[in-house]
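For reference, the structure is listed below as structure tokens.
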Amino acid sequence: MNEKDELILLNSWASPFGARVRIAMAEKGINQYELREEDLFSMSPLLLKMNPVHRKVPVLIHNGKPICESMNIVQYIDEVAVFNGKPALLPPDPYSRSKARFWADFIDQKVYGTMRKITRNRGEEQVRAKEELIETLKVLERELGEKPYFGGEFGFVDIALVPFYSRFYAVETLGNFRIEAECPKLVAWARRCLLKETVSNSLPDPLKVYEWVLYVNDKFGIKQN
Amino acid sequence: MESQEVKLLGFWVSPFVHRVEWALKLKGVPYEYIEEDIFNKSPLLLELNPVHKKVPVLVHNQKVLAESFVILEYIDENWKQCPLLPQDPYDRAKARFWAKFAEEKILSDGAWRAARAKGDNREKALGSTIEALEKIEGELKGKGKFFGGESIGYLDLALGWISYMLPVWEDVGSIKIMDPTRFPATAAWMSEFVNHPAVKDSLPPRDKMIIYFEKRLKELEI
């Protein structure tokens, strides 16, 4: 990858999946790319052409060729952008790589869907979703242990998880609970990540995310209370 | 040199386990297979995969791995012969993309759901499964014997279950998904796949699968 390459990232400012890619790009020192904001309620022809299967962001378009699915894009960037003494996002040995992929997959399976259940439901369903989320975050906390970051150094799994921190405020407010009370080490980890410019520059304001969640709920006719 | 001790915890009818076995066979990696009863999980399984409590679990010289796609990538990176993923990063990204797509849209929420569902839910599940299969058909057109060309690879292993398990689900659930006239490339690929030396003699017997899935259908009706 070099300066002549054309890079376009189709994104939506509130998307945690898009944030993953933005963090990865920054970590790899890739700053020369076009960031295009998509309106998910009125998708651009380019998005529909580049991701006809899922019609979702993020999509990275590299010299006209699309790469879809956030952790897929992160792996791709890690594989093609090898320069400037910038860190590898995945560790070099196969076993450590497989552990990183396992935890990224776990996060993909367990975090976003549960958060959405909390913000979109009330009553029994919301209670169950809250329990599920706390259980998931506790498993992740145990995996983190005493390490500063999941892989020891900041990398693949941290990138997979930290964007969801921007959503904590929305989930806590609509769910009426505090994640830090149950998972203090995980919240400490998130704050540690936010000290990195690559992360803080890529994550949206939690308050704006909360307003966005309310807006989307409203559009889907979900009552707030 | 490190001794290569490989164990695989599996369940005889699990397509997630089969794909790991094919990968090991293709690479010529000897392994010890340990059958698990997933309806009565052993302390060993629960100890090795406490997070998901599922098979397959691969144990390589004390290193424990779970989740079939994660295991496939590990096998590919650790044993270099007979590469499964393409060399080019863009082609690798595409292979990973389609594997995940098929897993979500044709396997988990697709064909098995359609087999179990009734009425409107069945129509809906069938429709979306067939739509997903059309995309896979598109990916196979003009490719050669397999998704990556002439050699079997990662995406073939990811979708291989279609070639022998989908027909069983169609039978048991009285649904028709794989119409060879509508999906000629997929039909041809299925035939290549089941006849591949690494696959041929390792598939579970069809009659045993029929009995198993008939029972599961009754238990899991939606």
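The values are calculated or read from the model by the stated rules, or taken from the named source; none is laboratory data. All of these numbers come straight from a predicted model, not from anything done at the bench. Here the Cβ is made from the backbone with ideal geometry for all residues, glycine too, and neighbour counts use every protein chain on show. Each accessible area value is taken on the protein alone, full model and side chains, heavy atoms only, with ligands, DNA and RNA left out. Shrake-Rupley method; radii C 1.70, N 1.55, O 1.52, S 1.80 Å.
Observations on the model:
- From A:36, A:22, A:55, residue being closer than 23 Å to residue A:216 by Cβ, open to solvent by 20 Å² or more (accessible area, probe 1.4 Å) and assigned to a loop (DSSP other than H, G, I, E, B): A:55
- Every residue from the range A:76-94 that is without any contact (Cβ under 8 Å) to a residue 24 or more places away in the chain and either under 16 Å from residue A:17 (Cα atoms) or surrounded by 17 or more Cβ atoms within 10 Å (Cβ to Cβ) (or both): A:76, A:79, A:94
- Any hit, the range B:106-117, residues being surrounded by fewer than 18 Cβ atoms within 10 Å (Cβ to Cβ), within 21 Å of residue B:13 (Cα to Cα) and within 14 Å of chain A (Cβ to nearest Cβ): yes
- Filter result (within 27 Å of residue B:211 (Cβ to Cβ) and open to solvent by 60 Å² or more (accessible area, probe 1.4 Å)) within the range B:45-66: B:53, B:54
- The set of residues in the range A:39-50 that are free of Cβ contacts under 8 Å to residues at least 24 places away in the same chain and either assigned to a loop (DSSP other than H, G, I, E, B) or within 13 Å of another protein chain (Cβ to nearest Cβ) (or both) contains only A:43.
- Condition broken by residue A:99, with the remaining ones in (1) surrounded by fewer than 19 Cβ atoms within 10 Å (Cβ to Cβ); (2) in contact with a strand residue (DSSP E or B) (Cβ under 9 Å, 6 or more places away or on another chain) satisfied: (1)
- In the range A:103-112, residue least open to solvent (accessible area, probe 1.4 Å) [restricted to those that are more than 16 Å from residue A:152 (Cα to Cα) and aromatic (Phe, Trp, Tyr)]: A:106
- Long-range neighbours under 6 Å by Cβ, at least six apart or interchain, first residue aromatic (Phe, Trp, Tyr) within the range B:95-115, second open to solvent by less than 40 Å² (accessible area, probe 1.4 Å) and not in a helix (DSSP H, G or I): B:97/A:68
- Some residue of the range B:170-179 being over 13 Å from residue B:111 (Cβ atoms) and buried (at least 20 other Cβ atoms within 10 Å of the Cβ): no
- Test: residue in the range A:114-125 that is facing chain B (nearest Cβ under 9 Å) and open to solvent by 60 Å² or more (accessible area, probe 1.4 Å): no
- In the condition set (1) within 13 Å of chain B (Cβ to nearest Cβ); (2) buried (at least 23 other Cβ atoms within 10 Å of the Cβ); (3) farther than 23 Å from residue B:138 by Cα, residue A:60 is compliant with all but (3).
- Identification of helices (runs of 4 or more DSSP H) wholly contained in the range B:12-102 with 1 or more residues that are more than 10 Å from chain A (Cβ to nearest Cβ) and closer than 16 Å to residue B:157 by Cα yields B:15-26, B:68-78, B:89-102.
- Residue count for the range A:5-38, restricted to those that are farther than 19 Å from residue A:63 by Cα and at pLDDT below 95: 0
- For the range B:23-43, a residue qualifies if it is open to solvent by less than 70 Å² (accessible area, probe 1.4 Å) and farther than 14 Å from residue B:6 by Cα, and the qualifying residues are B:26, B:36, B:38, B:42.
- Any hit, the range B:176-198, residues being in a helix (DSSP H, G or I) and either aromatic (Phe, Trp, Tyr) or on the phi > 0 side of the Ramachandran plot (or both): yes
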